[in-house]
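Visitor: Just passing along the structure, written as C-alpha cells.
The values are calculated or read from the model by the stated rules, or taken from the named source; none is laboratory data. Everything quoted here is computed from the prediction, not taken from an experiment. Glycine gets a Cβ as well: all are built from the backbone with ideal geometry, and neighbour counts include every protein chain shown. Calculation scope for accessible area: heavy atoms of the full protein, side chains included, ligands and nucleic acids excluded. Shrake-Rupley method; radii C 1.70, N 1.55, O 1.52, S 1.80 Å.
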Amino acid sequence: MNAVAVLNAAVRALPRERLGLVLALLGVLAFSLTLPMTRTAVRELDPWFVAFGRMAIAGVIAAAWLLASGARRPSREDLPLLAWASLGIVIGFPLLTSIAMQTIPANHGAIINGALPFATAVLAAWAFGERHSRRFWICAGVGSLLVIAFALRDGLQARGALGPAGGDVAMFAAVVAGAVGYVAGGRVAGRIGGVATILWALALALPLTLPAALLMAAAEPPRAGLVPWGAFAYVTLISQLVGFFAWYNGLALAGPNGMGRAGQVQLLQVFFTVGFAWLLFGESVHPTTWLFALGVVITIALGRQPAKADR
C-alpha cells in the first residue's frame, strides 16, 4: 500500500467531526501566513494590484477547473450564499488586508484578526441560528474589547494620538468581510462541498476582478523582486485557493454549530501569524503583543466551553 493510500485510509477512519477540525486546522495554518506574505508583497507591489491580481489569477484557475471538470452549476438557492462568500473572502478580505498591510505590521494585524472567530460565530448565530452559551457572549464582549484596546494602545504609542490608524480601520473591516465570507461559504459548503464553494465564489467574482487586475497592470506594469513576487504567489494560490479547500470542508464536516466549533482551532492562528512574522520576516514583536494575543485566545477558549448552567 502506497503512502497516498495509507493517508486516505487514515482520513476515512477519522470521525466526521474530528476530520472537520483537522481540515480546519490545515486551513488555519495556510491562512496564518496571509498577513506576513501580504505585507511582504505590498512593499514593492501596489496593494490594489496585489488584491485584484490574486483574486483574478485564482479566479481564472477556478473557472478553468470548473470547465475542465464539467462541474454542475450551483442551484438558485445556493447563489445568494455564494455571492456573499465571494464578496467577503474573494473581494473584501484581500482588498482590505492589502490596504492595511501598507501601514501596520503583520503581527499587529494578527491581533485584530484574532477577533475573526468571534465575528464568525456571532454572525452565524444571527444569520443561521447557531446557538451559544451565555458565557460565550460575555467572553465575546471581553475579547472584542481587548482587540479594540490593543489597536488604540498601539495608535497612542506610534502616533501620540488616541485612536486607530487607517490600517487598523481597514483591518477591522477585513474581519467583518472575512466573517461574512466564512459564514456564507461554510453554510453552502455543507450542500455542495468545500472545493466547489471556493471555486464558484472565485469564478462569480471574475467579471469584476479580471478587468480590474488587467487595467491596473496596464496602467502601471508591476515590478518587484523575487521575494515580493513569491509572497504574491503564496496569497494567490494558498491563501485564496488551496487554504479554502481545507477550511470550507472543515466547516462543512464539523457538525452542528460547525462554524463555532471550527473557531476553536482558529484560536491558534494569531500565534502562528505573529510567530511567522517574527521568525520568517524579522518583524519586531513586543512582549505585550503576545500578552494581548494570549488574552484574546483565552477569552475565546473560555467562551467556547459551555457553562454548567447552559449545558
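Visitor: Out of the range 173-212, which residues are farther than 27 Å from residue 101 by Cβ and open to solvent by less than 40 Å² (accessible area, probe 1.4 Å)?
Guide: Correct list: 188, 189, 193, 196.
Visitor: Which ones in the range 53-74 are in contact (Cβ under 8 Å) with a residue 40 or more places away in the chain and outside any helix (DSSP H, G or I)?
Guide: If the condition is that a residue be in contact (Cβ under 8 Å) with a residue 40 or more places away in the chain and outside any helix (DSSP H, G or I), then 71, 74 are the ones that fit.
Visitor: Any chance the range 217-232 includes a residue that's closer than 21 Å to residue 87 by Cβ, in a helix (DSSP H, G or I) and touching a helix residue (DSSP H, G or I) at 6+ places or on another chain (Cβ under 7 Å)?
Guide: no
Visitor: So, one more: Which residue pairs have Cβ atoms under 6 Å apart, sit 6 or more places apart or on different chains, and have a first residue in the range 93-105 that is touching a residue at least 60 places away in the same chain (Cβ under 8 Å) and part of a loop (DSSP other than H, G, I, E, B) and a second that is among the acidic types (Asp, Glu) and surrounded by fewer than 24 Cβ atoms within 10 Å (Cβ to Cβ)?
Guide: 105/283
Visitor: Further question on the same structure: Under 8 Å between Cβ atoms, at least 6 apart or on separate chains: pull out the pairs that start in the range 199-220 with a residue that is within 17 Å of residue 185 (Cβ to Cβ) and end on any residue that is part of a helix (DSSP H, G or I) and among the hydroxyl-bearing types (Ser, Thr, Tyr).
Guide: Sorted first by the residue in the range 199-220, then by its partner, the pairs are 201/86; 202/86; 204/86; 205/86.
Visitor: Scanning the range 25-43 for residues that are touching a Phe, Trp or Tyr at 6+ places or on another chain (Cβ under 6 Å) and part of a helix (DSSP H, G or I), which turns out most open to solvent (accessible area, probe 1.4 Å)?
Guide: Ranking the candidates gives 37 first.
Visitor: Here's another thing I want to ask about it. Would you mind telling me which numbered condition in (1) open to solvent by less than 60 Å² (accessible area, probe 1.4 Å); (2) modelled with pLDDT under 85; (3) in contact with a helix residue (DSSP H, G or I) (Cβ under 6 Å, 6 or more places away or on another chain); (4) not hydroxyl-bearing (Ser, Thr, Tyr) residue 149 fails?
Guide: Here residue 149 clears every test but (3).
Visitor: Can you work out which of the residues in the range 105-125 that are open to solvent by 10 Å² or more (accessible area, probe 1.4 Å) and of a type in the set (A, V, I, L, M) is farthest from the chain's Cα centre (by Cα)?
Guide: This residue is 125.
Visitor: In the range 75-92, which residues are small (Gly, Ala, Ser), in a helix (DSSP H, G or I) and over 12 Å from the mean Cα position of the chain (by Cα)?
Guide: Within the range 75-92, 83, 86 qualify.
Visitor: Something else: Take the range 263-297 and flag every residue that is more than 10 Å from residue 107 (Cα to Cα) and either modelled with pLDDT under 75 or in contact with a Leu (Cβ under 9 Å, 6 or more places away or on another chain) (or both).
Guide: 263, 264, 265, 266, 267, 268, 269, 280, 292, 295, 296, 297
Visitor: From the residues in the range 298-308 that are in a helix (DSSP H, G or I) and open to solvent by 60 Å² or more (accessible area, probe 1.4 Å), which one is modelled with the lowest pLDDT?
Guide: So, considering only residues that are in a helix (DSSP H, G or I) and open to solvent by 60 Å² or more (accessible area, probe 1.4 Å), the one modelled with the lowest pLDDT is 308.
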